[in-house]
Each structure stands twice: as structure tokens, then as C-alpha cells.
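Note sheet for the following structure.
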Amino acid sequence: MIYDWESLVRLPLYRKILDDWCALLNNNQLKEGAYHDFLAANPAIFLMGRNAYLAISKLKLGSEYETDFVVVTEGYSDGTMYELIEIESPHTVLFDKSGKPTAKFNAALQQIRDWRRFLMHNKSILHRMLPTINTRIVSDSRFRFKIIIGRRTDDLEVLEKRRQISEEVNIEIISFDRLTEIARNRSFFWNYSDIFSAEMDRLDPEKKNELANPFAQCISDSQWKGFWKKKSFHFYPRMIDEILRSRTYNSFFDEFRKQSQLVGMG
């Protein structure tokens, strides 16, 4: 069975997903967990870019640290790429009245520093837990770090301070409204995975269509551990069966099947 994922952005369902998300952002009573749960159920819409079809929720780094999300991107022969993401509340203020970073913003920055230090000092764990071609963390790295925090602002001073900190610590810092913008600006989702390799070309079209399913939820820390002993390059072609077996889909998938049509096998 082949689904027409390209049609999703034209369906009323997609507007509902965005409306539900915006309602969460505008609710000042919600805790950070509510935003994490929605993103964990919809990573393909808000967190993933091209060549990424798997995200991990609450990946543990040893016994001390825990990420909010890790997005796994195909890197071909250059090695799998990982984006480690820390989220705070959309209602978090980045700077106080004196212009200094707030305690919550500083805590988010420190969280990333702690992750980096852990990965740099525990290379054997890194190679086993997040396998890729090299284990460099700072330069020429297959690892990226991101903080999602606060709402969009037109305050030029705030924007300049955020940009300066981002460059100094080499961490991408974006607002929750940027995620909304990413979702709204998607013109389509691929009907088949956009990973192009000889191995992927030999796969059954139904598998490539299922891999591209935009309703796949994040996998857990324990599920990811089942992938640890696999190869560190050409991740998706070699791991597609394991990925599809571990998949769960969010509640929007059932509604999509009601609103959409199937596409042919050609």
C-alpha cells in the first residue's frame, strides 16, 4: 500500500495540526512537558529536515544527562549526523531587564555544555551510543546542538544578543515560532524517502513509502539502544527494517487515511 504523503499539506488535517500546535503555544498555563509531548508525536512536521526519518525522545547520556530530542540524519559515507535538542518553555524569557541571560536560558546553555563535555570525555560510549565516522564534537563534527526556547520577538537588541551567544557557543538557538514557520512553509512531504543510494534503490517501494510516513512518532531511549551495534554509515538503507518495526504512529494518521487517497505503485 502506497500513501500520498505529498497531499498532506493540502488537507484540512494539516491545518488542524498547525492550529493545535498554535493553541498550545498560546496557552500560558502549560508546562514544558506539553510541548515536548506534541513534538515527540509529530517530529517529521516540526523537527526533521531532509534525509531524516527518525528522532529519539529522552535519549540518556550516561546516568547524568538526558536530551529532549535527537534527530538522526543520513550522512551517507561521511557518517550519520545527529542533532541534539534541548527545549525550554515557549514562555521563557531569554534576558532580564538588565539585559543579562535569565536563569532558565543559562540552564539551557549549560545543559548543552554538559552534553558536549560528556560526549568528549566518554568516546567509547559515544561510539557505541551515537555511531558515526568520527567522534569529534567541536570541529568538523557530525554532531549539532540546538536550543528551542521562547517566542519570536522584534526586539533588535534581544535578537543581536541571542545571535552573539549562539555564535560564541556554536549552538543554534531558535524560538518556538520558528518551528511553526517551518511547518507552515513545507510545500510537500516526499512520497518516498529522499535518501538516494544503490542500497535504497533496491528496496521495496512500499518500504520507502512507509519510511517517509510523516506521522511516525519519536522512538524511545530503550528502542534506540537496539540499534547501537549497527553500522555508522548508510544508516537508513541498512536499518530500515528495524526502524519500521520499532515505529508507532500518532492519532493524526487515522484521520489522514480518511481524508487522502492512495497513489499507484509506479
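The values are calculated or read from the model by the stated rules, or taken from the named source; none is laboratory data. Small disclaimer: the values here were computed from a predicted structure and weren't measured. Because the Cβ atoms are built from the backbone with ideal geometry, glycine has one as well, and the counts that use them run over all protein chains shown. Areas reflect the complete protein model, heavy atoms only, side chains present, ligands, DNA and RNA absent. Shrake-Rupley method; radii C 1.70, N 1.55, O 1.52, S 1.80 Å.
Checking the table 58/258; 58/104; 16/225 against a 22 Å threshold on Cα-Cα, which pairs fail?
58/258; 16/225
For the chain, what relative contact order do you get, as a whole percent, if you take Cα pairs closer than 8 Å and at least 6 residues apart?
30 percent
Enumerate the aspartates and glutamates that residue 97 could reach by cross-link, defined here as Cα to Cα under 19 Å, with residues fewer than 8 away along the same chain left out.
Within the straight-line cut-off, residue 97 pairs with 154, 155, 157, 160.
Taking 45 Å as R0, compute the FRET efficiency from the Cβ-Cβ separation of residue 32 and residue 133 and round it to 0.05.
0.85
For the range 27-162, with every protein chain kept in place, what is the accessible area per residue (1.4 Å probe, Å²)?
With all protein chains present, the range 27-162 gives 46 Å² per residue.
With a ≥ b ≥ c taken as the square roots of the eigenvalues of the C-alpha gyration tensor of the chain, please select rounded if a/c is under 1.5 and otherwise prolate if a/b is larger than b/c or oblate if it is not?
Because a/c hits 1.5 or more and a/b fails to exceed b/c, the chain counts as oblate.
Mind checking the full-extension length gain between residue 158 and residue 248? Use 0.36 nm per residue of separation minus the Cα-Cα distance, one decimal, nm.
The span from residue 158 to residue 248 would gain 28.4 nm if fully extended.
In the chain, what percent of the accessible surface is made up of carbon and sulfur (1.4 Å probe, ligands and nucleic acids excluded)?
Exposed carbon and sulfur together represent 49 percent of the surface.
Rounded to the nearest 5, what % of the DSSP beta bridges within the chain are antiparallel ones?
Given both bridge residues lie in the chain, the antiparallel proportion sits at roughly 60 percent.
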